[in-house]
Amino acid sequence: MAVDGRTVTYQRVGGLATSERPSAPRLCLLGRFTLDYGTAAVDVGVAAQRLLAYLGLRRHGTRTVVAGTLWPDATEERAHGSLRTALWRLHRGREPLVRSDGDMLSLAETVSVDVRALTDSALHVVDARSADPGLARHLLFAGDLLPGWDDDWVLFERERLRQLRLHALDALAHQYLAEARPGLALEAALESVRTEPLRESAHRAVVAVHLAEHNVLEAVRHYRVFRSLLEQELGLAPSAGFTAMLPACAWVDD
């Protein structure tokens with residue numbers, strides 16, 4: 001089979017197609033769960049998906065903690081049995097994706113995880129205020145974490161990642177604005193607004209960009225939309241600091 005100009009021979013291993021020289025595995029948890037070896041997606045089954053997702057997010061865990069978290073309604077014996085089955089399915093016919101160090105489980109070092117890349121990008125932007133284009137792409141175009149998964153441990157990680165990304169988007173908007181790149185600053189600010197419509201800091205970033213470009217009418221219009229939304233949803237008004245950003249206060253109060 002030809003792939004990117006190269007001839008790749010596939011063989012059946014454990015009921016799945018893999019190449020004779022498999023690429024490094026890539027675990028994607030944003031948007032939807034996928035496990036890829038180069039251009040080939042691999043189906044490992046629901047239980048193994050949950051195990052990989054847990055280790056991709058939490059990085060490591062003891063067998064007892066992992067089994068109890070992934071199969072909370074099962075007896076301890078059945079939970080450990082399910083864990084052993086998931087590990088067997090991941091190990092058969094290929095380089096192991098999960099490493100075991102005594103009782104501790106973690107992903108193999110060869111497995112890349114998109115959530116970790118996003119987290120690293122967000123922390124870099126928040127800490128260093130870096131607007132590197134590669135980091136910005138991670139932040140602007142990230143999908144939701146495992147949509148449709150409603151496990152408690154997934155919900156916690158989803159919210160943690162959402163909050164980190166929001167802070168990074170705010171920092172990115174201010175950094176771009178300071179660098180006189182208003183188009184990119186507005187893109188980052190609006191993505192933050194889309195992610196959390198009631199977040200004042202995101203709306204303030206949008207207004208700051210409009211004011212920097214002397215688009216006072218756009219700034220006032222956006223302020224009014226946010227003020228109306230905040231009143232409808234929470235019965236609150238924007239902060240005094242936000243209102244003070246607008247130079248034409250008479251327009252704001254109309």
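The values are calculated or read from the model by the stated rules, or taken from the named source; none is laboratory data. Computed from a predicted model, the values in this text were never measured in an experiment. Here the Cβ is made from the backbone with ideal geometry for all residues, glycine too, and neighbour counts use every protein chain on show.
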Those residues of segment 51-69 which are touching a residue at least 40 places away in the same chain (Cβ under 8 Å) and closer than 21 Å to ASP150 by Cα amount to LEU51, LEU52, ALA53, TYR54, LEU55, GLY56, LEU57, ARG58, ARG59, HIS60, GLY61, THR69
Residue set GLU77, GLU95, GLU109; condition modelled with pLDDT under 90, acidic (Asp, Glu) and farther than 30 Å from GLN175 by Cα; output residue GLU95
Within segment 39-60, residues more than 21 Å from the chain's Cα centre (by Cα) and at positive phi come out as GLY45
From the option list LEU169, LEU234, LEU246, single residue qualifying as exposed (fewer than 15 other Cβ atoms within 10 Å of the Cβ), in contact (Cβ under 8 Å) with a residue 24 or more places away in the chain and not basic (Lys, Arg) is LEU234
Residue hits (segment 184-217; in a helix (DSSP H, G or I), more than 18 Å from the chain's Cα centre (by Cα), more than 20 Å from ASP127 (Cα to Cα) and modelled with pLDDT of 95 or more) are LEU186, GLU200, HIS203, ARG204, VAL206, VAL207, ALA208, VAL209, HIS210, LEU211, ALA212
Check: Has segment 34-43 got any residue that is at pLDDT 95 or above, of a type in the set (Gly, Ala, Ser) and buried (at least 16 other Cβ atoms within 10 Å of the Cβ)?
Finding: no
